[in-house]
């Protein structure tokens, strides 16, 4: 009889252990799935940012200074390569026929020294026959490893965007800021911690950082710094 009880007890223990193990595995799989989904969402958000599905990512005529100092005129948007995680311009080499795969070439930032576009004039659209274009004014982007950086805010803190829309343009999107620079120091990655270090104890800037309004925080800091410099 005792032998039967021991057998039943062992069976209960085994069944209970299998049940607990199944629950543990389900919990582990749920956790891993959530982590994977979070990573996927993060990558999707990053990809969305660099695909620039916003009014600022228009097709412009860029003057590209290549690494060997030669120059190309490239009519392109600024695209993102999801494999290399670098932005690029698409250069159509019309010396090749349309059927030739060499006709379309990607130009990445490390292949260049800089790019620039003329921001003077009315932009795309109808131009009257008597229109006299203003002198060119070039908006320059310096080449970094993964993108070109255009200075969109100037002051004690400079801010750099990876799109070529000027900071005061209606089409400028603050979410495209990728670099910040304190005075003439190094350009650092744009994030909350680096911005906090740069604004120091400026209350106005810190309040805007707390509200996640980083663009306004930079503007406030620059305004206060300029005002203090005049005293």
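The values are calculated or read from the model by the stated rules, or taken from the named source; none is laboratory data. Since this is a predicted model, take the numbers as computed values, not measurements. Every residue, glycine as well, gets a Cβ built from its backbone with ideal geometry; the counts of neighbours run over all protein chains shown.
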Kindly indicate the residue of segment 155-167 that is modelled with pLDDT of 95 or more and over 27 Å from residue 69 (Cβ atoms) and also surrounded by the fewest Cβ atoms within 10 Å (Cβ to Cβ) among those meeting that condition. 155
In segment 168-191, is there at least one residue being surrounded by 11 or more Cβ atoms within 10 Å (Cβ to Cβ), modelled with pLDDT of 95 or more, touching a strand residue (DSSP E or B) at 6+ places or on another chain (Cβ under 7 Å) and assigned to a loop (DSSP other than H, G, I, E, B)? yes
Filter segment 209-231 down to the residues that are over 15 Å from residue 195 (Cβ atoms) and not in a helix (DSSP H, G or I) and list them by number. 230, 231
Sole residue being surrounded by 17 or more Cβ atoms within 10 Å (Cβ to Cβ) and over 21 Å from residue 170 (Cα atoms), chosen from 106, 98, 144: 144
Of all residues in segment 146-167 being in a loop (DSSP other than H, G, I, E, B) and under 13 Å from the mean Cα position of the chain (by Cα), the one that is nearest to residue 120 (Cα to Cα): 164
Residue 110 vs (1) at pLDDT 95 or above; (2) over 17 Å from the mean Cα position of the chain (by Cα); (3) over 14 Å from residue 62 (Cβ atoms): all pass except (2)
Return the pair list, or none, for Cβ contacts closer than 6 Å from residues in segment 83-109 that are in a loop (DSSP other than H, G, I, E, B) to residues that are surrounded by fewer than 15 Cβ atoms within 10 Å (Cβ to Cβ), at least 6 apart or on different chains. 93/103; 96/102; 96/103
Counting only residues that are in contact with a strand residue (DSSP E or B) (Cβ under 6 Å, 6 or more places away or on another chain) and within 20 Å of residue 162 (Cβ to Cβ), which one in segment 196-231 is surrounded by the fewest Cβ atoms within 10 Å (Cβ to Cβ)? 198
